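The values are calculated or read from the model by the stated rules, or taken from the named source; none is laboratory data. Not measured: the values here are computed from a predicted model. Here Cβ is always computed from backbone atoms with ideal geometry, including for glycine, and neighbour counts include all displayed protein chains. Calculation scope for accessible area: heavy atoms of the full protein, side chains included, ligands and nucleic acids excluded. Shrake-Rupley method; radii C 1.70, N 1.55, O 1.52, S 1.80 Å.
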Amino acid sequence: MRGNEASTKVMAAGTAVKPLTVEAVGVAAAQEFARIVESHRPQIFRFLLASLRDVDLAETLTQECFLKAHRNWQHFRGDSTAMTWLMRIAINLQKDYWRNRRMQFWRQTRSNAVDLDEASEWLPNGERTVEQQLLAREQVAQVWKAVENLSQRQRTVFLLRYVEERELSEIAEATGLSEGTVKAHLSRALSRVRGELRGTR
Amino acid sequence: MSLQKNTTDEINDPLLAQALKNFKASVDAWSDAAYDRPRKAVSVVRHGWRLAASWALAGVLAVCAVAGVAYERQHRQEMARIAAVKASALKAQQQAAEQVRLAAEKERARTEQVSGAKARAEQNIGAADEDLLATVDSDVSRQVPAAMEPLAQLMDDNGTPGSGTQ
């Protein structure tokens, strides 16, 4: 099915005049997948980095995500956007990681997760005064602290909404929750963040 | 960045909206820096001795488990055998006691029988003696002459002792 789409796209672009062979369709599909990897990889990496706060682990899971996507590329029916599909794979990988880590609690796992202060150090180089930068850093640290105390599901929904800026419907599709549940999780997460910012937690 | 406007504009709290904007900017900056960093190819050093130690430990545990099971099984079999031997010994002892009891009863019955027979024999002997004595008495009493009769037969008509008795 994917091959047909690819052949259609290639023909629509006018790059192929004669009927496409199976090899040509395969090449087109591979090119399309490569384009998707190129365009979506930074976002998947960013989401996993924000979820795990571990650069190495985020890279590893990003690789696994695209490896899994490549294996199942022919099964992708296009019901949702490729980004939503990839995000769903990333969320499942993240869940598997935490589940395995819980089950292997006796193992001394080397964690490269940075602490909250280090994560808060990152700020864009904008035209800000020192005071503004300090204030922004403090706010970022407070948000990180609140995010750390969220449940895994709330954290995922919060990051998808306010870091990845996904629509509610996309978040619902990626997480497998209903939109109402997504809204409820977001509301609770925002309440936590607000409480942290006000110092009323 | 129209989406960002959407997501943060729906929040009425300006402090929260600003904090979320800063948070997103921070995560973006961190992610961009981490994504663009030069990758280092790190050769994974496999600790062969760890693997060997793990396998050795697993082997020891497996052997211990198997030995434990075998020992437990053998122990149970031994206990069952001892119990069977004890039961058979007890049964034999009971049978021997029963045999002794039966033999004693037989002996007692035989003794009683013998003593009864003896008593009956003694009674019979006593009766026979009495009968014999009675017979003897009757015989003797028949031969005993009447009083003065012998003397009378021995005497002659003339009153002198005859020679008939010589």
Within region A:122-135, identify whether any single residue is surrounded by 14 or more Cβ atoms within 10 Å (Cβ to Cβ), modelled with pLDDT of 90 or more and of a type in the set (Phe, Trp, Tyr), and answer yes or no. no
Consider A:Val143 against the criteria (1) within 11 Å of chain B (Cβ to nearest Cβ); (2) touching a residue at least 12 places away in the same chain (Cβ under 8 Å); (3) in contact with a Leu (Cβ under 6 Å, 6 or more places away or on another chain): it satisfies all of them except one. Which criterion is unmet? (3)
Qualifying positions in region A:153-184 - away from chain B (no Cβ under 14 Å), more than 17 Å from A:Trp98 (Cβ to Cβ) and open to solvent by 20 Å² or more (accessible area, probe 1.4 Å): A:Glu173, A:Leu177, A:Ser178, A:Glu179, A:Gly180, A:Thr181, A:Ala184
In region A:29-88, anything under 22 Å from A:Trp144 (Cα atoms) and open to solvent by 20 Å² or more (accessible area, probe 1.4 Å) is listed as A:Pro42, A:Gln43, A:Arg46, A:Arg53, A:Val55, A:Asp56, A:Leu57, A:Glu59
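Could you list, in sequence order, the residues of region A:177-201 that are part of a helix (DSSP H, G or I) and among the hydroxyl-bearing types (Ser, Thr, Tyr)?
Answer for region A:177-201, where residues must be part of a helix (DSSP H, G or I) and among the hydroxyl-bearing types (Ser, Thr, Tyr): A:Thr181, A:Ser187, A:Ser191.
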The number of residues in region A:140-152 that are open to solvent by 10 Å² or more (accessible area, probe 1.4 Å) and assigned to a helix (DSSP H, G or I) is 5
Could you go through region A:87-104 and let me know if any residue there is modelled with pLDDT under 90, assigned to a loop (DSSP other than H, G, I, E, B) and in contact with a Phe, Trp or Tyr (Cβ under 7 Å, 6 or more places away or on another chain). no
